[in-house]
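In what follows, a single structure is set out as structure tokens and then discussed.
Read-outs: derived from the displayed coordinates by stated rules, not from any lab. The shown structure was predicted, so the numbers you read here are calculated from the model rather than taken from an experiment. Virtual Cβ from ideal backbone geometry, glycine too; neighbours counted across all protein chains shown.
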Amino acid sequence: MGEDHGWPAEESLLVIGTTHDQAIALGTKHGQLAIVWVETGKAAQIVLC
């Protein structure tokens, strides 16, 4: 958890073994504006839902 006490903590979820499209759909279903997408050997990306 970060040290910025002015920003409330949020629950989070790590999903492994899903497709890019499934991850976006899951984020959308749960009201997220974006997800963090990571593929093996590549840099993390912020992806809009």
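Calculated from the structure at hand, percent of Cα pairs over 17 Å apart is found among (1) 41; (2) 35; (3) 59 as (1). Couplings for region 19-26, taken from phi via the Karplus curve 6.51 cos²θ - 1.76 cosθ + 1.60 with θ = phi - 60°, read 8, 4, 5, 5, 5, 5, 4, 5 Hz in order; Gly and Pro are left as x. Projecting the Cα atoms of 36, 12, 25 onto the charge dipole of the chain (Cβ charges, centred on the Cα centre) puts 25 farthest toward the positive pole.
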